[in-house]
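Chemist: First the structure, which I've put down as structure tokens, then a few questions once you've had a look.
Just so it is clear, none of the values below were taken in a lab; they were calculated from the coordinates. This one's a predicted model, so the numbers in the text were calculated from it and none came from an experiment. Cβ placement follows ideal geometry from the backbone for every residue including glycine, while neighbour counts extend to all protein chains displayed.
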Amino acid sequence: MQGRQPHPHTTTPISEVILPKRGKKRGSYSCGRCGVPKKGHVCNFPKNLNPIDNPSPNPNSSLLASPPSVVRPQPPPPLPQRHVLPQLRRALSFDDVDVNDSPGSDDEGDFSDLDNESDRVGSGSGIGTLPSSCLWEVFKRLPPPALLSSARVCKGWLESSRRIWKSAVELRLRVPVNAQIGLVGSVLKKCPGLVKLSLRMESDIDATMLACIAFSCPKLDSMEILMCNTSVNRITGDELGRFVAEKRSLTNLKMEGCSNLGGFTLCSTSLSTLSLSDLYCHAKMVFNCPNLKDVSLDFSHQENDTTDLTLMVDGLGRSCPRLQNIHIASIHLTHAVVLALAAANLRGLRMLSLVLGSEITDASVAAIASSYSSLELLDLSGSSISDSGIGMICNIFPETLSKLLLALCPNITSSGIQFAAAQLPNLELMDCGMTISDPDLDNPTTQENNDLQLQRTPNSKQHLIYQKLIIKHTCLKKLSLWGCSGLDALYLNCPELKDLNLNSCTNLNPERLLLQCPNLEYVHALGCQDALVGTLKNQVCTDFMGVEDHSHCKRLPDGSKRIKVPDLFSPQPTDKKTKRISKRCCTVLVN
């Protein structure tokens, strides 16, 4: 008996026999008797038994403490349940992202354990979890700054934000003043599949920004650069031409503030829409874009602009045969430019807009009508055409023209407008702003002498100043008469009209105004007299629409005349459903 050796397990704590050995944790967060974490744990060891502390060297006491039927605790909870606890996950392994600082990355850190949270993600506080599909819908509606901030909450939100950035196909970004190029680069790097990009520049832009966009967006299809009043576009024509030539997937390009382009050459087989504004003094403008369909060129209003528009239009017609929409705004538009455009013979042209060309006359209208007979939109605002030109327009485009814009045309009278409305049955939009106007009435210094001038004015001139406009159309939806200070009476019978612009119609008589437009939604009356505004509200803001009289008719015994019979004496059943009276909602805008 003296040679008996103690059992090998008598000197080992019971917790080491039953439970696997774990590394030392920070602080005393484990049970001192069984080694199981204290949180949510109820120990099964007796309080007077602590095998971990002060183990007995006596073999007899060791043997008494080891029977499994007495002191063996319940098996610990399964390990997978302990590893799924969301409160044990902390998003502290990646760097914070600040859009105002130098470019950062939300991809740093260890994300090997994020696959276990692909179905449900939480904030890391243990309060609750959110399905990934719901979180995806929420993140899709966040602006870029909020999405960057949400990535710093937890690993689950970080992963979801990363997927949102990678799946983004459209991005609208405002670049603040004195922003570094790294700000835009850090955001674009997160969107490798970006297709549509819109930048609102509050700071200056140069070729460095174009290079950053070209490198970060290999699949870019549409790009828009908008400039603020304080920002300057320093991109030159050669830099823009190089960018367009390298981006073979680019189909839509819009850029403002192009005063520093100078001469440029655009060569692209994919570009279909091009819009450039604030153009100034371009010695060479070459468009080698065979698939270009929509072009918009806005030139500056400076008198010393030396751009040769005739040469530009001639080259545009020869190198872009698929053009459908053309918009050119310049005070240097002449009849020669219109002749060059007519000689191009663009068979697919559907929309033509030549704005601010004071030298465009009725002869220019004849040239346009002889070459393009299928126009759907014609904009000759700011031209010198007269009622004769409107007559030619109505004779050539009676079935196709749906939008006619003739604002700022002083030679047009109310007779020409009425003739256009009567001869163009498919017309949906008409803009005649500042056409029926009197410059003397617009001058505040002559308002006091209107009565004296009226007595001395011949009858023919009075007829031109105080004009009456009567329009009856079944398809017209939008009518603009802004600035028509010479308009004295207005009668409209347009059942489909929804928008009416009467801003600055200072001479319109409220007693000679009649609107029969049941679907009218908006009436603009900025700068009008208070009496006219009150008349508009009384006519268009009525509570109920007029209801047809559905009384039954009956002939007299001799069959001579039909009379209306009240429903009380009607032989038809009384339970017939009556039509509901629909309310008309219209807004009069005076601010």
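Chemist: What FRET efficiency would be calculated for the residue pair S133, V590, taking the C-beta separation as r and a Förster radius of 45 Å, to the nearest 0.05?
Modeler: Here the calculated transfer efficiency is 0.40.
Chemist: Further question: Express in nm, to one decimal, how much length is gained between D305 and R172 on full extension, taking 0.36 nm for each residue of separation and deducting their alpha carbon distance.
Modeler: Full extension of this stretch gives 44.6 nm more.
Chemist: If you don't mind, another one. No solvent, one uniform scatterer per C-alpha: report log10 I(q)/I(0) for the range 121-218 via the Debye equation at q = 0.12, 0.15, 0.16 1/Å, two decimals.
Modeler: Log10 of I(q)/I(0), two decimals: -0.44, -0.64, -0.71.
Chemist: Here is a follow-up. Whole-Hz Karplus ³J(HN,Hα) for the range 252-259, in order, using 6.51 cos²θ - 1.76 cosθ + 1.60 and θ = phi - 60°, x for Gly and Pro?
Modeler: The phi angles translate into 9, 9, 9, 9, 9, x, 8, 6 Hz.
Chemist: Of the listed pairs K140/K219; K189/K284; K254/K403; K293/K478; K284/K477; K39/K189, which have alpha-carbon separations greater than 32 Å here?
Modeler: From K140/K219; K189/K284; K254/K403; K293/K478; K284/K477; K39/K189, over 32 Å: K189/K284; K284/K477; K39/K189.
Chemist: Just add up the charged neighbours of L406: K/R +1, D/E -1, any other residue whose Cβ is under 13 Å from the Cβ of L406.
Modeler: Net charge in that neighbourhood comes out at -3.
Chemist: Treat each spin label as a single point 7 Å out from the Cα along the C-beta direction, and report the F419 to S270 distance in nm.
Modeler: 5.0 nm
Chemist: Based on the Cβ-Cβ distance of Q180 and L142, what FRET efficiency does E = 1/(1 + (r/R0)^6) give at R0 = 35 Å, to the nearest 0.05?
Modeler: The pair Q180/L142 has a calculated efficiency of 0.90.
Chemist: Put a dot 7 Å past each Cα toward the Cβ at A214 and A245; how far apart are the dots in nm?
Modeler: Label-label distance for A245 and A214, simple model: 1.0 nm.
Chemist: To continue, here is another question. Peptides 187-195, 406-414: what's the order by average Cβ count within 10 Å, highest mean first? Walk me through the numbers before you get to the answer.
Modeler: On the way: 187-195: 18.9, 406-414: 20.9.
So the peptides 187-195, 406-414, ranked by packing, come out 406-414, 187-195.
Chemist: Order the peptides 153-165, 519-531 from the highest to the lowest mean number of other Cβ atoms within 10 Å of their residues. All intermediate terms of the calculation are to be shown ahead of the outcome.
Modeler: Working: 153-165: 21.0, 519-531: 16.9.
Packing proxy ranking, top to bottom: 153-165, 519-531.
Chemist: Full-extension gain between E399 and N288, please, as 0.36 nm times their residue separation minus the C-alpha to C-alpha distance. All intermediate terms of the calculation are to be shown ahead of the outcome.
Modeler: Numbers: separation 111, 0.36 × 111 = 39.96 nm, distance 3.36 nm.
Extra length available between E399 and N288 comes to 36.6 nm.
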